[in-house]
Amino acid sequence: MSLEERLEALKVRHSTLEDMIQQESSRPLPDDVEIHALKKQKLRIKDEIAGIATRH
């Protein structure tokens with residue numbers, strides 16, 4: 001997998017996580033633990049994207 005493909009896959013995953021966070025947050029009784037876990041994953045991906053972007 002090339003760096004460009006990896007970067008695109010990470011961006012797609014980041015967007016998917018954002019959708020999942022939004023969906024969970026809009027539920028009548030959102031699961032705060034799940035939202036926190038999703039946000040941590042999203043932040044890890046954002047950091048990885050930033051790391052790849054600085055290497056380019």
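The values are calculated or read from the model by the stated rules, or taken from the named source; none is laboratory data. Bear in mind that the values here come from a model prediction, so they are computed numbers and not experimental data. With ideal geometry, Cβ positions are generated from the backbone for all residues, glycine too; neighbour counts draw on all protein chains shown.
Residue pairs whose Cβ atoms lie under 6 Å apart, sitting 6 or more positions apart in sequence or on different chains, and linking a residue in segment 31-56 that is in a helix (DSSP H, G or I) and of a type in the set (S, T, N, Q) to a partner that is surrounded by 14 or more Cβ atoms within 10 Å (Cβ to Cβ) and at pLDDT 95 or above, are GLN41/LEU17.
The test for being part of a helix (DSSP H, G or I), at pLDDT 95 or above and out of contact with any Asp or Glu (no Cβ under 9 Å at 6 or more places or on another chain) holds for THR16.
Taking the criterion of being basic (Lys, Arg) and at pLDDT below 95, the only residue of segment 19-56 that qualifies is ARG55. Taken over segment 9-24, residues that are surrounded by 13 or more Cβ atoms within 10 Å (Cβ to Cβ), without any contact (Cβ under 8 Å) to a residue 24 or more places away in the chain and not β-branched (Val, Ile, Thr) amount to 2.
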